[in-house]
Amino acid sequence: MIAHGKDIKVITGNSNPALAADICKELGIPLGNSEVGAFSDGENFASIYETVRGSDVFVVQSTCSFVKDGKASTVNDALMELLIIIDALKRASAGRITAVIPYFGYARQDRKTKPRDPISAKLVANLITTAGADRVLTMDLHANQIQGFFDIPVDNLVGNPLLTDYYIQKYGDSLNDFVAVSPDLGSVGRTRQFAEKLNIPLAIIDKRRPRPNVSEITNIIGDVAGKKVVLVDDMIDTAGTITNAANALKERGAVEVDACCTHAVLSGPAIKRIEDSAITELLVLDTIELPEEKKIAKITSVSVEEIFANAIKCIHDGTSISQLFD
C-alpha cells in the first residue's frame, strides 16, 4: 500500500458543493477552506485559505451549469473554475492533484461526425492536464474512449450498480414483470449490463436524430406489451429522447414506464417534458446538483457520495478501484 501525499484534502468549486460536503462526511474530514467566485466582469477567481503543500488534493467539480446565490452560471464557468482551482493548487505545491469530475461535460463531442467538427472532449482533456491535474476521477463518461484523450490516469466509475440496487430494494421479486429498454443503439451495452444485473429481458429502441436535441422513434426491438419497462441512459439533457421513448412504449402496450440515468442535465424544456410524459418515475444520481425548481415529484435522486469517497480512499492508499465493483 503506497500513500501519495501526507493527507487528503477536498476542495470544491460551485457546481456541486453539496456532493463535495457529503464526500467529506464519508471520508471523515472537513471540506477544504476555499472561495471560488467571479469578479464583476465575469472573470472567475479561486482562493485557497489553508496550506496544501505536500497534500493529496481532490478537486470536486462537475462541468455542468449551476445556480449560485440565485444566479445561473454556465458549463464554461464550471470548467474555468476547475482549471483555476487546479492551477492555484499546483502553484501552492500540492503533492498530487486529482480532478474529481462526477459529470464530465463536453463529452458528446468525442469524434468528428462531419467535416470541420471540433473534438471538444479532447480539447477539455488537454486543458485539465495542462492546468496541472495529475489524475482524473469521473463517472460514466459518455464515451469510454475519452479516457484515452488524457495523458494522465483516468478512473471512470460506473453508476449502474447504484441504479440497479435501487430497483432491487424497491421491487424485489416483482422485477420479473420488468423489461430494460435502451433508448437508442448507443446505450445497448449499458442497458444489457443493467438487465443482466436484474435478470430481466432487454428491448431496444431504434431512433434517428435529424438534428441536435431532436429524436424520432422508428422501431422498437423486443416485446414490451403488458410489461413494466425501465429506460436506461447515461444522461438526460433536454429529455426529448427519453420522453419520446416513454410515450412510444406506452402506445405499444407497456403498462408502466420508469426511467433512470446517471447524469440529470435536464436543460431547456426537460422538466416540462418529463412532467407531461408517460414516465412514472425518473431515477437519477446526484453527479449534477438539481436546483429547487427541478426537484419535481417524478424525480428520485440517489447519492454517489459513498462510491466517490471509497474511490478517493483507494487512490490515496494506492489500492485498486476495481474492487469497488466486485
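The values are calculated or read from the model by the stated rules, or taken from the named source; none is laboratory data. Remember, predicted model here, so these are calculated numbers, not experimental data. As a convention, Cβ positions derive from the backbone with ideal geometry for all residues, glycine included, and neighbour counts pool all protein chains shown. SASA here: full protein model, heavy atoms, side chains in, ligands and nucleic acids out. Shrake-Rupley method; radii C 1.70, N 1.55, O 1.52, S 1.80 Å.
A few notes on this one:
- Our coupling estimate for the range 175-183, obtained by passing each phi through the Karplus curve with A = 6.51, B = -1.76, C = 1.60 and θ = phi - 60°, is 5, 4, 8, 9, 10, 7, 10, 8, x Hz, Gly and Pro reported as x.
- Cβ-defined net charge surrounding Ala38, 12 Å radius [Lys, Arg +1; Asp, Glu -1]: -4
- Summary value for the chain: 15 percent relative contact order, contacts being C-alpha pairs under 8 angstrom separated by 6+ residues.
- Accessible area of the chain belonging to carbon and sulfur atoms, whole % at 1.4 Å probe: 49
- Shape class for the range 89-241, computed from the alpha carbon gyration tensor (a ≥ b ≥ c): oblate, with a/c not under 1.5 and a/b at or below b/c.
- Test item: Cα-centred dipole of the range 1-60, Lys/Arg +1 and Asp/Glu -1 on Cβ, debye: 240
- Pairwise centroid distance, computed over Cα atoms, of the range 17-82 with the range 272-320, Å: 18
- A DSSP coil position with no more than 13 other Cβ atoms inside 10 Å describes the following GluC sites (Glu not before Pro) in the range 1-87: Glu43, Glu50.
- Estimated 222 nm signal from helices in the chain, with DSSP H stretches of n ≥ 4 weighted -39500 (n - 2.57), rounded to 500: -9000 deg cm²/dmol
- Probe 1.4 Å, all protein chains present, accessible-area order of His142, His263, His316, largest first: His142, His316, His263
- Label positions at Asp177 and Asn76, each projected 7 Å from the Cα along the C-beta direction, are separated by 5.0 nm.
- For Val265, distant residues with modelled amide H under 5 Å away: Ile236
- Of all the options Lys250, Lys298, Lys114, the one that moves most in a Gaussian network model of the chain with Cα springs shorter than 10 angstrom is Lys114.
- Cα gyration tensor category, rounded, prolate or oblate, for the range 97-168 with a/c compared to 1.5: oblate
- Average accessible surface area per residue within the range 267-326, 1.4 Å rolling probe, Å²: 47
- Distance in nm between pseudo-label sites at Val188 and Asp165 (7 Å out along the Cβ direction from Cα): 3.0
- Per-residue Karplus couplings for the range 56-67, computed as 6.51 cos²θ - 1.76 cosθ + 1.60 with θ equal to phi - 60°, are listed in order as 8, 9, 10, 9, 8, 6, 6, 8, 9, 5, 8, 10 Hz, Gly and Pro entered as x.
- Counted without the sites themselves, the longest stretch of the chain free of chymotrypsin sites (Phe, Trp or Tyr not before Pro) in a DSSP loop having at most 10 other beta carbon atoms within 10 Å is 50-326.
- Extending 7 Å from Cα along the Cβ direction at Phe45 and again at Asn144 yields two label points whose distance is 4.5 nm.
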